[in-house]
Each structure stands twice: as structure tokens, then as C-alpha cells.
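Below is one structure, written out as C-alpha cells; the observations come after it.
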Amino acid sequence: MKSLILCLIALCTSTAFANNNRHVPPQASTALVALSNRVNDLIEEDADMLSRAQIKIIRASLKEIEATVLGNNVPVPPTHHHGNILVRGDLDGSELNISANDVDDLHDQCVASVKSKGLQSISKLRLSVNLSPLKVFQGYLRGANQICNKVMQEVAVNGYTYRGYLTIFSGDLDGSQFIIKAKNLFDATIQCEEIVKSKGLTSISKVSVAVNHGPMTVSQGYLRGRVEICQKVVGTH
């Protein structure tokens, strides 16, 4: 724990320097990245002694440092689009009309829209992204996650992708839906175990998981406890 605190102090000092200088020397960037990686290692070593809130604060700091380094020294790949994303169409004839700031916002609005319509499943989806020609998708989709995964796949085809997250896991555990947005697999595992605990799941027999809104992978088989269940979820990656 003492090593973690010292590394965090060094990171805060380095970040303050970076924020006050328009250009960070390449060697300083390398040092910042190495220090950030060391903090990640220490978090894993001290995970049992850190609360979820503490881990979230630390990870937010790491994200800020990463942005500082990237902004000063590493060319960021251009995105295809900027600004709002407009998604229009219908779900089995029920209108879908979403204007979102980014893909995170779009996914959240999509899930909320599907739930508000009371749609348990659909067999036909018509979709247009930023006024592109409507595309029609036929096929059984069950639950908000599966439906919105299909929407997000089409959004990705049009050039929109998640920024700031390493991996998105979504799906259901014996029919109970979940979504995880994580910077690394350690973070994904922590979130998964919290979800399993909050749902009161002690064992399950079916896991459905999509990674980054890709095709759904379905696994059948008895899994007992948070560790086994989340190994299966995160192991899909």
C-alpha cells in the first residue's frame, strides 16, 4: 500500500507538470506511462485493501494522465465523425428515434427506449444512422442488450466507436441482463463480481456474452459463485 501511495504522489506531480507545459518531452512521456503501468500493477496487488470507490478514483486519475500523454506526444487516430449521432428507424414497427452525443450515450438511450416500450423481443429491425438509407435486419433478438447490440453494430459500421474503454461486455446471466465497460480485464472482473453479488446469483447454468457489441456467445453449464461466473464472462474476451 505504501508503494502505491508513493507512486500516486509521483503521478500527481508529473501530471501537474505536464498540464503546465505545452509540450512533454518524449522521455517524460515514457516515464509517465511506465509509472501508470506500475500503479496498475500495485492496484492488482493491493486490491483486497482498496474499496471500490478508491479504485475508481485511482483509475480516473490514470485516465487523465493517459489523456495528457496522448494529447502532448502521441498522434491520436482520427475518428470518422464528430458531434451528434442520429439513429432512426423502428423495432417491430415501434419507432426508434435517438439523438446522442457519443456511443456511450447512444447505447444508454437505446436500452432505455427498448425498456420503456416494454419490448421483450423483436424479429425485425429497420435502422438509419445519420440519415443514411434504412437497412432492414431480420432475426430474433431478445432483451434490450441483444437489440441494442445490433443497433451498435450498425453504428460501428458507420465509423463510430467507443473511446476511453478497452472492452465492453454485455449479455445476460440466466436471463438477468448486465453490461460492463472496463479499461482492463482486472476492472472488468471487479465490476462483474459486483454485478453477480448485487443480483444475488449464487449459481447459473447459462451465460450469454457479447464483446464490444459483437455476436453473442452462449455457454451452457453449471457455474457456482462469483469467481466461476466471472471467469466465464471475462474469459469470453
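Brief remarks follow.
- Pick from the stretch 171-202, criterion of a type in the set (A, V, I, L, M) and in contact (Cβ under 8 Å) with a residue 24 or more places away in the chain, ranking: nearest to residue 108 (Cα to Cα): 179
- Residue within the stretch 112-122 that is among the polar types (S, T, N, Q), modelled with pLDDT of 90 or more, out of contact with any Pro (no Cβ under 7 Å at 6 or more places or on another chain) and within 15 Å of residue 152 (Cβ to Cβ) present: yes
Condition check ((1) β-branched (Val, Ile, Thr); (2) more than 17 Å from residue 230 (Cβ to Cβ); (3) surrounded by fewer than 16 Cβ atoms within 10 Å (Cβ to Cβ)) across all residues:
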position	(1), (2), (3)
122	yes, yes, no
148	no, yes, no
183	no, no, no
187	no, no, no
192	no, no, no
196	yes, no, no
205	no, no, yes
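- The stretch 101-120, subset buried (at least 16 other Cβ atoms within 10 Å of the Cβ) and free of Cβ contacts under 8 Å to residues at least 24 places away in the same chain, residue nearest to the chain's Cα centre (by Cα): 109
- Subset of the stretch 175-200 [more than 24 Å from residue 147 (Cα to Cα), among the hydrophobic types (A, V, I, L, M, F, W, C) and more than 16 Å from the chain's Cα centre (by Cα)]: none
- Residue 234 vs. criteria part of a strand (DSSP E or B) and either touching a residue at least 12 places away in the same chain (Cβ under 8 Å) or under 20 Å from residue 107 (Cα atoms) (or both): no
The values are calculated or read from the model by the stated rules, or taken from the named source; none is laboratory data. Values in this document were obtained by computation on a predicted structure and should not be read as measured data. A quick note on method: Cβ atoms are made from the backbone with ideal geometry, for glycine too, and the neighbour counts reach across all protein chains shown.
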